[in-house]
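Encoded as structure tokens, here's the structure I'll be asking about.
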Amino acid sequence: MRNFFDIDDLDPEGWERLLALALEPLDRAPLAGEGVALLFQKPSARTRNSTEMAVVDLGGHPVYIQGTEVGLDERETAEDVARTLACYHRILCARVFEHSTLVRMAGALARSGFEVPVVNLLCDTAHPCQAVADVLTMREALGSLAGRVLTYVGDGNNMARSLAEAALLEGMEVRFASPAAYAFSGDDLAGLQAFADRMGRGGSVQVTDDPGQAAKDAAVLYTDVWTSMGQEEERAARLAAFTGYTVDAALVEQAAADAVVLHCLPAHRGEEITDEVLEGPRSLVWREAAHRRTAMRGVLAWVLEGSR
């Protein structure tokens, strides 16, 4: 069974295949007559809309399910929810709080003989579908990414991890600019570099607490909200810690002449990014958002291809 939990599920060959499937013409319908379950413990505008429309693009029927509708691990275990949904659907996509929930659901399906892959729409450790959309956007704008610099300014979070893995598969130099208290640990960074070394594409990882240094000659400046869903009580502390980490016009000037600015959205304008930059000529955030649908076509087609 071919599940999709994070970017590091892929080797270079699988990565290129997934991206190729994302860009294939819409002249086939591998999900014709099939349902796809979209289970959301956490709400999302882009993830829901892009995934639903990607399922439609591939000929299938998406069914959106809120976590409260099934009472995940309250009214019914995640394992039993997964097996119930597998009775009706060809793929199970889930946006969950904990990565372990995805693992449990996939394990239950495998043990029970259901040939239904599980796709991670977001969890606490990874946001891989967004990272696929990011690379599609970067390739479209910049061409070959090998040897280019991607600078991520912000929290060492699930988005940053998946983005880094995708960039490393492209052979990019990944620079993180984060306050020490919110940066990836040494073990996390070592794991990312070990992944880069295994992939053999020349990618590398480094971290600094100086956004200006990290942005120098970068091809891509990327940021995310400083306070994510579920971290609202930390907002004041995070705003204080991230002072000086805003992606503004001055920081963009440190990047390469053809640099682009990306943001996975939603954006808190005036915090992690200025309105001037988000709406400026370097910003590709709406093209990036549109590529969420493109990316989901690739992800869905890729898991289907390996699960028949």
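The values are calculated or read from the model by the stated rules, or taken from the named source; none is laboratory data. What you see is a predicted model; the values in this text were computed from it and never measured. A quick note on method: Cβ atoms are made from the backbone with ideal geometry, for glycine too, and the neighbour counts reach across all protein chains shown.
So which residues in region 158-177 are of a type in the set (A, V, I, L, M) and touching a helix residue (DSSP H, G or I) at 6+ places or on another chain (Cβ under 6 Å), if there are any at all? Quick ask: steps written out before the conclusion?
The initial filter retains those residues of region 158-177 that are of a type in the set (A, V, I, L, M), namely 159-160, 163-164, 166-169, 172, 174, 177.
Scanning region 158-177 gives Leu163, Ala164, Ala166, Leu168, Leu169, Val174, Ala177.
Where in region 1-109 are there strands (runs of 3 or more DSSP E), lying fully within it, with 3 or more residues that are among the hydrophobic types (A, V, I, L, M, F, W, C)?
35-40, 91-95
In contact (Cβ under 8 Å) with a residue 12 or more places away in the chain and in contact with a Cys (Cβ under 7 Å, 6 or more places away or on another chain) - does that describe any residue in region 217-226?
Yes: one or more hits.
So is Arg48 in the same structural domain as Ala108 (by TED's automatic domain parsing) and in contact with a Phe, Trp or Tyr (Cβ under 8 Å, 6 or more places away or on another chain) or not?
When the stated conditions are applied, Arg48 passes them.
Which of (1) assigned by TED's automatic domain parsing to the domain that holds Thr246; (2) under 23 Å from Ala267 (Cβ atoms) is the odd one out, the single condition Leu121 does not satisfy?
Checking Leu121 against (1) assigned by TED's automatic domain parsing to the domain that holds Thr246; (2) under 23 Å from Ala267 (Cβ atoms), the one that fails is (1).
Which residue out of Thr137, Thr151, Thr125 is of a type in the set (Ser, Thr, Tyr), assigned to a helix (DSSP H, G or I) and either in contact with a helix residue (DSSP H, G or I) (Cβ under 6 Å, 6 or more places away or on another chain) or farther than 22 Å from His291 by Cβ (or both)?
Details: Thr151 fails: assigned to a helix (DSSP H, G or I); Thr125 fails: assigned to a helix (DSSP H, G or I).
Residue meeting the stated conditions: Thr137.
I've got another one for you. Please specify each residue of region 140-190 satisfying the condition of being among the basic types (Lys, Arg) and more than 16 Å from the chain's Cα centre (by Cα). Walk me through it before giving the result.
Of region 140-190, the ones among the basic types (Lys, Arg) are 148, 161, 175.
Arg148, Arg175, listed by residue number.
Yes/no per residue for (1) touching a strand residue (DSSP E or B) at 6+ places or on another chain (Cβ under 9 Å); (2) within 24 Å of Gln231 (Cβ to Cβ); (3) surrounded by 19 or more Cβ atoms within 10 Å (Cβ to Cβ):
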{"position": "Gly14", "(1), (2), (3)": "no, no, no"}
{"position": "Glu52", "(1), (2), (3)": "yes, no, yes"}
{"position": "Val55", "(1), (2), (3)": "yes, no, yes"}
{"position": "Gly59", "(1), (2), (3)": "no, no, no"}
{"position": "Gly67", "(1), (2), (3)": "yes, yes, yes"}
{"position": "Leu72", "(1), (2), (3)": "yes, yes, yes"}
{"position": "Glu76", "(1), (2), (3)": "no, no, no"}
{"position": "Arg90", "(1), (2), (3)": "yes, no, yes"}
{"position": "Glu98", "(1), (2), (3)": "no, yes, no"}
